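Q: Provided herewith is a single structure, encoded as structure tokens, for subsequent inquiry.
The values are calculated or read from the model by the stated rules, or taken from the named source; none is laboratory data. Just so you know, these numbers come straight off a predicted model, no measurement behind them. Reconstructed Cβ throughout: ideal geometry from the backbone, glycine too, with neighbour counts over all protein chains shown. Keep in mind that these areas ignore ligands, DNA and RNA; they rest on the heavy atoms of the full protein, side chains included. Shrake-Rupley method; radii C 1.70, N 1.55, O 1.52, S 1.80 Å.
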Amino acid sequence: MRNAFPAWVAIAILAATPATWAAQSSSARHKIPRQALDATAAPTTMAALAKAMPVTAKHAMVVSAQHLASQVGVDILKQGGNAVDAAVAVGYALAVVHPCCGNIGGGGFMVVHLANGRNLFLDFREKAPLKATPTMYQDASGNVIPGKSTGSYLGVGVPGTVMGMDAALKKYGSMPLQQVIAPAIKLARDGFVLQQGDINILNERVKDFAKYPNVAATFLNHGKPYVVGDRLRQPQLAHTLELIEKGGARAFYRGSIARKVVAASQAQGGILSMKDFADYSVTWDKPVSCDYHGYTIVSDPPPSSGGTTICQILQILKPYPLAQWGYGSVNSVHTMIEAERRAFADRNTYLGDPAFVKNPIDKLLSPQHVAAMRATIKPDKATPSSEIKGSLGPVEGTNTTDYSVVDQHGNAVAVTYTINYLFGVGQIAGDTGFFLNNEMDDFTSKPGVPNSFGLVQGRINQIEPGKRPLSSMSPTIVLRDGKLFMVTGSPGGSTIISTTLESFLNVAEFGMNMQQAVDAPRLHEQWLPDQVFVEPGLLTAAAQRKLEGMGHHFKAVKSWGADEAILVNPETGLLEGANDRRRPAGLAAGY
Ligand code: DON
């Protein structure tokens with residue numbers, strides 16, 4: 001489909017968020033983990049929200065979590081690149097200017113909607129190393145060892161981003177890799193001036209940077225934290241990107257880059273091998289899709305849980321008069337919580353890597369089945385999570401930067417990629433210059449024991465060699481009457497699902513514009529723990545009291561996620577871009 005994307009292109013780059021529920025002890029993990037980017041969140045009030053307006057553009061738009069990466073995308077589009085060209089360019093640029101999350105050391109997903117109606121899904125999620133085992137994070141007594149899946153080389157999955165970018169560009173791009181990777185190389189070599197939004201994110205793990213000399217050499221300024229106005233130069237990353245520029249994905253998976261990662265892993269108790277890199281592959285598949293009152297949701301199938309869970313929640317919600325009830329109303333909030341509680345129980349019980357397990361998606365989304373789930377919701381009473389089990393009975397058999405692209409023909413692309421925690425495992429192999437992921441923590445370390453996002457998952461997502469861990473990433477495209485309507489997605493671990501869902505519902509049901517929909521305070525419920533995470537501003541004191549009286553348990557969390565979205569305004573035809581207020585380093589830029 002070369003040259004299929006003309007200049008009128010909108011790109012929303014939804015940058016991967018940082019992980020983090022930073023809590024490491026297993027008892028702490030049962031609590032609501034602290035979201036790493038709380039510190040960057042700008043407060044909002046209903047008065048501020050009422051005035052929030054998206055950035056509009058006629059031809060093209062890029063929304064990303066880092067302003068320089070947005071600009072890279074716009075420049076590529078102005079040079080005549082298509083949406084995929086720009087998406088790959090932004091993907092590489094974010095790996096430089098948003099090193100917490102943008103990456104070449106992790107993996108992710110891309111959802112593509114072509115104007116001819118075809119929908120595609122590209123899976124470049126990390127895979128477990130071939131030497132991985134189901135109990136690798138447990139001690140001899142079967143207890144999960146805190147930090148083993150997150151803070152050591154044993155937590156590193158085989159990275160997929162470089163092969164994913166390569167596959168997308170080869171199939172749908174119109175520009176050579178050399179052209180789209182060039183801005184990233186320049187930003188790494190020349191450096192860029194850090195602004196407050198960048199500093200806030202670096203400060204989240206500044207203490208960890210001091211632990212490793214090769215990390216400190218780049219991410220500390222002569223041993224001290226960077227401050228606003230400093231220039232961050234990454235010559236080692238520039239060199240690695242140049243190797244990719246010259247040798248493509250092969251340089252990464254079979255050349256010196258893989259060798260350096262494997263050497264560092266072996267030296268520090270990891271299990272990565274050259275065979276892991278040589279065997280790595282990406283997969284094109286069919287997205288999950290579902291209808292909701294004239295909208296079609298096109299989102300991610302396993303190994304993401306995102307699309308299936310968003311669709312299940314929406315199917316449960318379908319008959320309820322959410323618009324009439326209103327945003328933040330007792331009825332809407334109660335019903336959304338109950339739908340999420342049930343869908344997350346299914347997520348955690350029935351979904352895993354399709355290369356290894358059978359995912360009963362058709363059953364989970366069938367109208368009869370969803371109706372049965374809905375029938376268990378009591379209108380005036382919370383259902384304790386302890387009473388909810390996977391809705392299909394026992395499991396059968398064995399078993400975060402996001403970007404989006406749209407053009408005038410209705411082609412659209414959405415991508416989310418991540419290294420899991422902010423700055424991933426916190427380590428860089430030798431002089432490669434890029435952070436490695438700690439994505440292995442997304443697996444079930446032990447059935448029933450929560451992971452870093454508090455997700456209590458089952459055997460279906462157990463670790464196996466070459467398997468991909470179940471994800472919540474949900475780069476999503478929404479069509480309305482078959483035409484492109486919205487591109488949305490977010491980082492935030494398990495909260496990605498509710499953030500992405502709410503960005504859509506806030507527009508479709510609650511009448512918000514795209515900026516309001518992204519900025520509005522959110523709620524999140526994930527079955528276990530039996531607790532509703534809520535951002536300040538969503539509930540009035542009276543609504544909260546009423547809901548507590550119905551049996552809901554709220555936990556106020558300052559903020560989470562960073563939804564970076566684009567809406568195609570059906571009335572004006574204009575593109576409306578919204579950078580999440582929670583990510584002030586980001587920018588919606590268009591022309
Ligand atoms: O794939 C997942 O679901 C997680 N590893 C995503 C991590 C993430 O969003 C980090 N942000 N808070």
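Q: Counting helices only, and only those DSSP H runs with n ≥ 4, report the 222 nm mean residue ellipticity of the chain as the sum of -39,500 (n - 2.57) divided by its residues, in deg cm²/dmol to the nearest 500.
A: -10000 deg cm²/dmol
Q: How high is the relative contact order of the range 187-315? Use alpha-carbon pairs under 8 Å, at least six apart in sequence, and give a whole percent.
A: 16
Q: Ratio of Rg to Rh for the chain, alpha carbon only, Kirkwood?
A: 0.94
Q: Which is farthest toward the positive dipole end of the chain among 84, 296, 195, measuring Cα position about the Cα centre, with Cβ charges +1 (Lys, Arg) and -1 (Asp, Glu)?
A: The Cα lying farthest towards the positive end belongs to 195.
Q: Could you tell me the distance between the Cα centroids of the range 455-493 and the range 187-227, to the nearest Å?
A: 30
Q: Quick one: pull the percent of accessible area on the chain belonging to carbon and sulfur, 1.4 Å probe, ligands and nucleic acids left out.
A: 55
Q: If you don't mind, another one. Compute the accessible area per residue over the chain, keeping the other protein chains in place, probe 1.4 Å, unit Å².
A: 33
Q: If you find the alpha carbon centre of the range 551-585 and of the range 72-100, how far apart are they in angstrom?
A: Here the two parts' Cα centres lie 21 Å apart.
Q: Order these peptides, 103-111, 47-55, 561-569, by their mean beta-carbon neighbour count within 10 angstrom, highest first.
A: Highest-to-lowest ranking by the protection proxy: 103-111, 561-569, 47-55.
Q: So, in Å, what gap is there between the alpha-carbon centers of the range 269-343 and the range 424-440?
A: Between the Cα centres of the range 269-343 and the range 424-440 lies a distance of 28 Å.
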